[in-house]
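This report refers to the structure that appears directly beneath it.
Where a number appears in this text, it was derived from the coordinates with a stated rule and is not lab data. These numbers come from a predicted model, not from an experiment. Counting neighbours? That spans all protein chains shown, and the Cβs are built from the backbone with ideal geometry, glycine included.
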Amino acid sequence: MQTEPAGILRIFMTSGSRAHNGSGKTFSGLFQRRPLYRDIIHAARAAGFTCSNAHFAHYGFWKGGAIQQTLGEIPNTLLSVYVDILGSQDQLKAFCLSHETLLKKTALYFKPAEAWHFGDQQAL
């Protein structure tokens with residue numbers, strides 16, 4: 001088994017967060033923007049990362065607000081969601097710097113990790 005340094009970038013936002021791309025200037029444009037977590041995952045794929053996922057909360061709070069919960073089938077856009085991106089620390093830092101506008105209203109956390117793989121298999 002071989003190991004190499006890696007990292008996990010965890011990006012927190014609410015599930016109702018939307019990217020500010022200029023299409024929201026009209027009333028109908030407000031409903032055409034996809035959720036921010038999707039834009040981040042698409043950007044991670046375009047940047048060459050091999051893994052990125054969205055994780056949804058069912059109970060919790062965001063930035064000191066009231067505690068929220070899911071209400072059956074009714075979506076609660078005030079609950080938090082986070083996106084994980086796996087890669088090297090340098091790749092993740094470069095991603096954040098090049099996507100500052102997209103990530104501006106999120107909370108970013110980096111966690112050092114170690115990638116494990118067998119033989120000639122590439123870990124990241």
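Numbers below:
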| item | result |
| --- | --- |
| Compactness of the chain - radius of gyration and Dmax, Cα, Å | 16.5, 55 |
| Net dipole in debye of the chain [+1 Lys, Arg Cβ; -1 Asp, Glu Cβ; about Cα centre; nearest 20] | 660 debye |
| R0 of 30 Å, Cβ-Cβ distance Ala94-Ile67: FRET efficiency to nearest 0.05 | 0.25 |
| Partner aspartates and glutamates for Lys111 [C-alpha distance under 17 Å; skip if fewer than 8 residues away on the same chain] | Glu4, Asp84, Asp90 |
| Phi-based couplings in Hz for the range 38-47 (Karplus 6.51, -1.76, 1.60; Gly and Pro marked x) | 5, 4, 5, 5, 5, 5, 5, 5, 5, 7 |
| Summed side-chain charge close to Met1 - residues other than Met1 whose Cβ falls under 15 Å, Lys, Arg +1, Asp, Glu -1 | -3 |
| Net charge, His55 excluded, C-beta distance under 10 Å - Lys, Arg +1, Asp, Glu -1 | 0 |
| Summed residue charge, Cβ within 15 Å of Ala107's Cβ, Lys/Arg positive, Asp/Glu negative | +3 |
